[in-house]
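Report on one structure; see the data block that follows.
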Amino acid sequence: MEELLRGNEERFGFQLQQRVSIAFYRPSLAPSKDTRGIAYTEEGRAEVYYRPNEDIERALVVASHELAHHLQAQRYGDDAQKRADIILLEGLATWITGPPWLAKYGVARWKERARQIGDSGVPLRLLNAQRYGDNIAYELWASFVDFLIERDGMEKMHALYVSGRGREPGSADYQGIYGASLNELANEWRVWVRS
């Protein structure tokens, strides 16, 4: 776990300032059927729902993702974390998790993973991505975050993250930070994925 956390910190450029406890539970204790993990950032803890016969690497990737949420909350503050646009909240946490998540699909970059998703018939759409499941949505959003970081750097990503006005997809100030609407940026992202 320590190695995964160090990788997260290196990718995000920020070190965890406070301890986080991680507990593993049976999936039957999860609040919903599809919940794999929850980060309780204000309490400094995370829960991972894991079946005993499941591949431990998969559970560790979930734990790494929940630790990424703690990194976000500690860097940006609890208020910004509570109002973060879900595309950025989950997309950035998935992007931070990076290589261990991507290894499940045999790819090295989020661009490649988004291309795989598109090639499987899932539309490369950010606003309705969750209809294809949380993992697909998180992966598309991570690819979008990767595109924005490659396009304009991490500082703009930080500014965009804290500009969130609510959990709704698209609630961050894309126009004010990037000079383009979410739809315009999404069109650029789709071209980037296919390039």
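The values are calculated or read from the model by the stated rules, or taken from the named source; none is laboratory data. These numbers come from a predicted model, not from an experiment. Using ideal geometry, Cβ is built from the backbone for each residue, glycine included, and neighbour counts are taken over all protein chains shown. For accessibility, only protein heavy atoms count, side chains too; no ligands or nucleic acids. Shrake-Rupley method; radii C 1.70, N 1.55, O 1.52, S 1.80 Å.
Side notes on the structure shown:
One line per residue, one yes/no per condition, for (1) over 16 Å from the mean Cα position of the chain (by Cα); (2) buried (at least 21 other Cβ atoms within 10 Å of the Cβ); (3) at positive phi:
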{"position": "87", "(1), (2), (3)": "no, yes, no"}
{"position": "104", "(1), (2), (3)": "no, no, no"}
{"position": "114", "(1), (2), (3)": "no, yes, no"}
{"position": "190", "(1), (2), (3)": "yes, no, no"}
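- The residues of the stretch 141-169 that are outside any helix (DSSP H, G or I) and buried (at least 18 other Cβ atoms within 10 Å of the Cβ), listed by number, are 163, 164, 169.
- Residues located in the stretch 170-195, provided they are assigned to a helix (DSSP H, G or I) and either touching an Asp or Glu at 6+ places or on another chain (Cβ under 6 Å) or more than 16 Å from residue 85 (Cα to Cα) (or both): 184, 187, 188, 189, 190, 191, 192, 193, 194
- Of all residues in the stretch 1-25 being of a type in the set (Asp, Glu) and open to solvent by 50 Å² or more (accessible area, probe 1.4 Å), the one that is nearest to residue 137 (Cα to Cα): 10
- Residues of the stretch 116-137 satisfying the condition of being loosely packed, with under 15 Cβ neighbours inside 10 Å and in contact (Cβ under 8 Å) with a residue 40 or more places away in the chain: 125, 127, 133, 134
- When the stretch 103-135 is filtered for residues that are farther than 14 Å from residue 193 by Cβ, out of contact with any helix residue (DSSP H, G or I) (no Cβ under 6 Å at 6 or more places or on another chain) and assigned to a helix (DSSP H, G or I), the ones remaining, listed by number, are 103, 131, 132, 134, 135.
- Where residue 71 falls short, out of the listed (1) closer than 28 Å to residue 186 by Cα; (2) touching a His at 6+ places or on another chain (Cβ under 7 Å): (2)
- Failed item in (1) open to solvent by less than 20 Å² (accessible area, probe 1.4 Å); (2) under 20 Å from residue 34 (Cα atoms), with residue 172 passing the rest: (2)
Here is a yes/no grid of residues against (1) open to solvent by less than 30 Å² (accessible area, probe 1.4 Å); (2) at pLDDT 95 or above; (3) closer than 25 Å to residue 167 by Cβ:
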position	(1), (2), (3)
27	no, no, yes
41	no, yes, yes
45	no, yes, yes
59	yes, no, no
63	yes, yes, yes
67	yes, yes, yes
73	yes, yes, yes
77	yes, yes, yes
84	yes, yes, yes
